[in-house]
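S.K.: The structure follows.
Every number in this text was worked out from the coordinates using simple rules, so none of it is lab data. Values in this document were obtained by computation on a predicted structure and should not be read as measured data. Methodologically, a virtual Cβ is constructed for each residue, glycine included, from the backbone with ideal geometry; neighbour enumeration extends over all protein chains shown.
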């Protein structure tokens, strides 16, 4: 039956054994260890992707968990036409965009760095460790990173998605086009305009940080 | 001459152009200040994003899988029927490609055609008129003559109806020589 479901995997040779398609097939046979392997293979990428898209490392893990739960539930609908990585990135993209839209409807909760961590015990304010011997350069770099996050948060979702997938996740254009289900030309166009827009807004901060 | 389109510019930024094309691109950018400015801005953005990704790596907590495992639903064991069903559904609905869409449309049209043939309205055969208008006229004249004959009292000089006449009681009987007058 595994052969019929995934005809390209007749007998798992060295290359096919432990491939994504083979693990999906095993997971469909209720082999939870196979799904665990898939999670371990992609959890770093998906958590990183969600963190860049949402600008929140804590929420990124929750979103990544939702991605894998959704993938687990829909595993039987994965037909193997596209790569598993394309499929899982597509689920992650849709969930991140949903979260970003919900955020826009909700007022943002701002955290003050001077506010005590625990108001009852009054332990003191938050501290960011300075691990470099060049405080001025660190501050400028931090300002630049802050500006990058700010500009990206204000970008339209489509442009932000291609920027994160290409320049932060390092995916090739063809893969991005399959994830977003759009032509490669569209991906390149969005990427070009997103980069130009980001660069234009970062220019005043770059000269100080370099 | 190198065209300053988005594809070529991205290839230039990704260092995917050969030396000659690269030189052509730089020559073209020298002639277009706007595009040169966009290219510089794009390069700046790429550097900033790569720096952000490398200086702030995202790590995954060690209890990611245990937490996820608790949330995963229990999977019901797949019986032979569900496995066969998934295989056949994969054949019928393979993908979202154009061929798959065409196949689905063809299957739906074929099913609808068969249903309409099976359950469609039966053809009613309207029987063509067996009797033409002239035949109807002949029959009515014959009936009228018969009625006139029956209602008219017999006279001496009346002659018997010819044997072949449909109104004659001797119809289909051989004419007799006995002088019988009906």
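S.K.: Count, for each residue of B:35-47, the Cβ atoms from other chains sitting within 10 Å of its Cβ, then give me the mean as a whole number. It would help to have the intermediate numbers written out before the result.
M.R.: Numbers: counts 1, 0, 4, 7, 4, 4, 9, 10, 3, 11, 17, 7, 5.
So the per-residue partner count for this stretch is 6.
S.K.: Want the number for residue B:110 to residue B:27: 0.36 nm per residue separation, take away the alpha-carbon distance, what's left?
M.R.: Details: separation 83, 0.36 × 83 = 29.88 nm, distance 6.07 nm.
Taking residue B:110 through residue B:27 to full extension adds about 23.8 nm, to one decimal.
S.K.: What share of Cα pairs, in percent, lie more than 11 angstrom apart in the range B:4-43? Provide the component values of the computation, followed by the final result.
M.R.: On the way: 468 of 780 pairs.
Counting every Cα pair in the range B:4-43, those more than 11 Å apart make up 60 percent.
S.K.: May I pose another question? Work out, step by step, the length gained on full extension between residue A:105 and residue A:79: first 0.36 nm times the residue separation, then minus their alpha carbon distance; give nm to one decimal.
M.R.: Values: separation 26, 0.36 × 26 = 9.36 nm, distance 3.56 nm.
So the extension gain works out to 5.8 nm.
S.K.: Please arrange B:18, A:182, A:96 by how many other C-beta atoms lie within 10 Å of their C-beta, fewest to most.
M.R.: Numbers: B:18 9, A:182 15, A:96 26.
Sorted ascending by nearby Cβ count, the order is B:18, A:182, A:96.
S.K.: Once the Cα atoms of the range A:24-88 are picked out, what are the Rg and Dmax in Å?
M.R.: 12.2, 37
S.K.: Right, something else. Give the order of B:58, A:47 when sorted by the count of other beta carbons within 10 angstrom, beginning with the fewest. If you can, show how the numbers build up before the last one.
M.R.: Details: B:58 18, A:47 24.
Fewest-to-most ranking of B:58, A:47: B:58, A:47.
S.K.: Under the definition of partner shielding as Cβ atoms of other protein chains within 10 Å of a residue Cβ, what is the mean value for peptide A:79-92? Numbers along the way, then the final one.
M.R.: Numbers: counts 7, 2, 6, 1, 0, 0, 0, 0, 0, 0, 0, 0, 0, 0.
Going residue by residue through A:79-92 and averaging, the value is 1.
S.K.: Rank these for me by crowding, A:86, A:93, going from fewest to most other beta carbons within 10 Å.
M.R.: The order, fewest Cβ neighbours first, is A:86, A:93.
S.K.: If we sort A:187-196, B:135-144, B:29-38 on the protection proxy, mean other Cβ atoms within 10 Å, highest first, what's the order? Don't skip to the end; give the middle numbers.
M.R.: Working: A:187-196: 22.6, B:135-144: 11.1, B:29-38: 13.9.
Packing proxy ranking, top to bottom: A:187-196, B:29-38, B:135-144.
S.K.: Another question, then. Per residue of B:60-73, what is the mean number of Cβ atoms on other protein chains within 10 angstrom of that residue's Cβ?
M.R.: Taking all residues of B:60-73 together, the mean is 5.
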